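Chemist: One structure coming up, written as structure tokens, with questions to follow.
The values are calculated or read from the model by the stated rules, or taken from the named source; none is laboratory data. In this text, all values refer to a predicted model and were calculated from it rather than measured experimentally. Note that each Cβ is placed from the backbone with ideal geometry, even for glycine, and that neighbours are counted across all protein chains shown. For the accessible areas, the whole protein counts, side chains as well, though only heavy atoms, and no ligand, DNA or RNA atoms are used. Shrake-Rupley method; radii C 1.70, N 1.55, O 1.52, S 1.80 Å.
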Amino acid sequence: MRIRLYLDENAMDSGLVQALRNQGIDVTTVQDAQRRGESDEQQLAYATEQGRVIYSYNVKDFMVLHGKFLEQGRSHAGIVLAHERDYGIGEQARRLLRIIDVLSAEEMRDQLVYLSSWG
């Protein structure tokens, strides 16, 4: 199964969303899901319920959540993290597309990957 994305509040740039959708990627955002203002843990839980890999710039918090989920025996659909100022929209889209082309949704389960590793 192909990776489907869920972009959190700080990563849901409309240009990025459109670039991904133009490439046929199934992507939704916190705004689309009407979940603005919810905690990172709630966002990760929601993404998992929906079978979506979450993409965020919130590196520190999602690193902690990844460990917390695994320690508690909870599963998540996957996390992709990037530092906000490192990449423009085109580069983010290119790297996300590479992840989606290489990894399946099953392979992303319980994984935390950094966009920087997909250059």
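Chemist: So if I check each of D61, D26, which one is free of Cβ contacts under 8 Å to residues at least 24 places away in the same chain and of a type outside the set (S, T, N, Q)?
Modeler: Values: D26 fails: free of Cβ contacts under 8 Å to residues at least 24 places away in the same chain.
Only one candidate passes the filter, namely D61.
Chemist: I've got another one for you. Working only within the range 13-52, note down all residues that are under 22 Å from S104 (Cα atoms), assigned to a loop (DSSP other than H, G, I, E, B) and touching a strand residue (DSSP E or B) at 6+ places or on another chain (Cβ under 9 Å).
Modeler: Result: I25, D26, Q50, R52.
Yes or no, residue by residue, for (1) open to solvent by 10 Å² or more (accessible area, probe 1.4 Å); (2) of a type outside the set (K, R):
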residue	(1), (2)
R2	yes, no
D13	yes, yes
A19	yes, yes
Q23	yes, yes
V30	no, yes
Q42	yes, yes
S56	no, yes
K60	yes, no
L65	yes, yes
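Let's see how each residue does on (1) among the basic types (K, R); (2) in contact with a helix residue (DSSP H, G or I) (Cβ under 7 Å, 6 or more places away or on another chain); (3) not in a loop (DSSP other than H, G, I, E, B):
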position: I54; (1), (2), (3): no, yes, yes
position: H66; (1), (2), (3): no, no, yes
position: R74; (1), (2), (3): yes, no, no
position: V80; (1), (2), (3): no, yes, yes
position: I99; (1), (2), (3): no, yes, yes
position: D110; (1), (2), (3): no, yes, no
position: S117; (1), (2), (3): no, no, yes
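Chemist: Next up: For the range 72-90, state whether one or more residues are more than 16 Å from M1 (Cα to Cα), open to solvent by 80 Å² or more (accessible area, probe 1.4 Å) and under 15 Å from the mean Cα position of the chain (by Cα).
Modeler: Yes, that holds for at least one residue.
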